[in-house]
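> Got a structure for you, questions after.
The values are calculated or read from the model by the stated rules, or taken from the named source; none is laboratory data. Keep in mind it's a predicted model, so treat the numbers as computed, not measured. When we count neighbours, we look across all protein chains shown, and the Cβ atoms used for this are built from the backbone with ideal geometry, even at glycine.
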Amino acid sequence: METLRLPARMENLSAIRSHGLEQALRAGMPEDRARKVALVIEESLVNVVQYAYPASSGDVELSFRLEKGLFYVCIRDWGRPFDPTGCEEPDVQACLEERELGGLGIHFIRNLADRFEYSWHEQANSLTVCFKVGP
Amino acid sequence: MEFDSGKQGNAVVIKVKGRMDAVSAPEFETECGNWVEAGEKILIVDLGGLEYISSAGLRSILAAAKKIKAAQGGISFCNLLGMVQEVFSISGFATMFPIHGSLEEALSKGEPS
């Protein structure tokens, strides 16, 4: 499993997401589920760019591990503390007129990952998500 | 992401291909906005060629839909597959918008709500 560290910028979105997709496929995940890993990685990166580095720039690091049939992705940054697990849920029942833009990224992470944990450790935000590899 | 758009009867069919992510999503809003500004009221979006969508894509769809609604028009979607379908259900978009199994079905329903 290869760790990747790059500046947390939207221009690196494609490279970061592809790397995550490739690691998930290599871990043995079926393609459709690996795409969900890619989605969770995109949503996490967007949050890092928006909330951890709102006015500054810095790196984001992705590391991966496979343990007892579970594929773990750890996303770290060295920006402002930001805990996405504490964010409010969007109202997904609202009608078009009342529906608000935003809030769905974290909703996807929460619903697609089998685990979603946050910690602030050694001056870094650390988000761990995990997915079942097999059916 | 690529679009293949054109009129079919009184509706505009927009076929979307590729990935709708945080970088490309605003292009979708622009594409729909151009048709609405040209006076079109019925948009049918064929997502059969879309292999990936993130929350930024849904945000763009929602912004476009609000614009169409404000112009007394409507938008519907067809051919949702795999992760695109799942993302539509988890987000509630599958119940917020008219969704059809095929383009033919979407065209036969006439005006989307």
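> Only one of these is closer than 28 Å to residue A:18 by Cβ, touching a helix residue (DSSP H, G or I) at 6+ places or on another chain (Cβ under 6 Å) and within 14 Å of chain A (Cβ to nearest Cβ): B:76, B:89, B:60. Name it.
Values: B:76 fails: closer than 28 Å to residue A:18 by Cβ; B:89 fails: touching a helix residue (DSSP H, G or I) at 6+ places or on another chain (Cβ under 6 Å).
Exactly one residue qualifies, and that residue is B:60.
> Write out, first by first residue and then by second, each pair whose Cβ atoms fall under 8 Å of each other, whose residues are 6+ apart or on separate chains, and whose first residue, in segment A:13-41, is of a type in the set (Asp, Glu) while the second is at pLDDT below 95.
A:32/B:82; A:32/B:83
> For segment A:80-124, enumerate the residues that are polar (S, T, N, Q) and farther than 15 Å from residue A:43 by Cα.
Correct list: A:93, A:119, A:123.
> Just name the residue that is nearest to residue A:53 (Cα to Cα) out of those in segment A:5-16 that are of a type in the set (Gly, Ala, Ser) and more than 11 Å from chain B (Cβ to nearest Cβ).
Taking segment A:5-16 and keeping what is of a type in the set (Gly, Ala, Ser), we get A:8, A:14-15.
Filter once more, so that each one left must be more than 11 Å from chain B (Cβ to nearest Cβ): A:8, A:15.
Details: A:8: 8, A:15: 19 Å.
My answer is A:8.
> While we're on this one: Being more than 17 Å from residue B:4 (Cβ to Cβ) and among the aromatic types (Phe, Trp, Tyr) is the filter here; which residues of segment B:61-113 pass it?
Correct list: B:88, B:93, B:97.
> If you go through segment B:58-80 one residue at a time, how many are over 19 Å from residue A:42 (Cβ atoms) and assigned to a helix (DSSP H, G or I)?
Count: 7.
> Can you list residue pairs whose Cβ atoms sit under 7 Å apart, with the first residue in segment A:73-99 being within 14 Å of another protein chain (Cβ to nearest Cβ) and the second being among the hydroxyl-bearing types (Ser, Thr, Tyr)? Count only pairs 6 or more apart in sequence or on different chains.
From residues that are within 14 Å of another protein chain (Cβ to nearest Cβ), the pairs are A:84/A:118; A:92/B:91.
> Can you pull out the residues in segment B:1-50 that are of a type in the set (S, T, N, Q) and assigned to a helix (DSSP H, G or I)? Walk me through how you get there before you give the answer.
Our first condition is that a residue be of a type in the set (S, T, N, Q); within segment B:1-50, this holds for B:5, B:8, B:10, B:24, B:30, B:34.
Across segment B:1-50, the qualifying residues are B:30, B:34.
> Of the residues B:25, B:11, B:65, only one is farther than 21 Å from residue A:101 by Cα, among the small types (Gly, Ala, Ser) and surrounded by 17 or more Cβ atoms within 10 Å (Cβ to Cβ); which? Working first, answer last.
Values: B:25 fails: farther than 21 Å from residue A:101 by Cα; B:65 fails: farther than 21 Å from residue A:101 by Cα.
B:11 is the lone residue from the list that is farther than 21 Å from residue A:101 by Cα, among the small types (Gly, Ala, Ser) and surrounded by 17 or more Cβ atoms within 10 Å (Cβ to Cβ).
> Okay, moving on. Just to be sure before I move on: is residue A:76 over 18 Å from residue B:53 (Cα atoms), touching a strand residue (DSSP E or B) at 6+ places or on another chain (Cβ under 6 Å), surrounded by 19 or more Cβ atoms within 10 Å (Cβ to Cβ) and not hydroxyl-bearing (Ser, Thr, Tyr) in the structure I sent? Step through it out loud before you land on a result.
Values: over 18 Å from residue B:53 (Cα atoms): yes; touching a strand residue (DSSP E or B) at 6+ places or on another chain (Cβ under 6 Å): yes; surrounded by 19 or more Cβ atoms within 10 Å (Cβ to Cβ): yes; not hydroxyl-bearing (Ser, Thr, Tyr): yes.
Answer is yes for this residue.
> Restricting attention to segment A:17-45, report how many residues are more than 10 Å from chain B (Cβ to nearest Cβ), of a type in the set (A, V, I, L, M, F, W, C) and surrounded by fewer than 24 Cβ atoms within 10 Å (Cβ to Cβ).
3
> With respect to the numbered conditions (1) at pLDDT 95 or above; (2) buried (at least 17 other Cβ atoms within 10 Å of the Cβ); (3) assigned to a helix (DSSP H, G or I), which one is the sole condition not fulfilled by residue B:83?
Only one criterion is unmet by residue B:83, namely (1).
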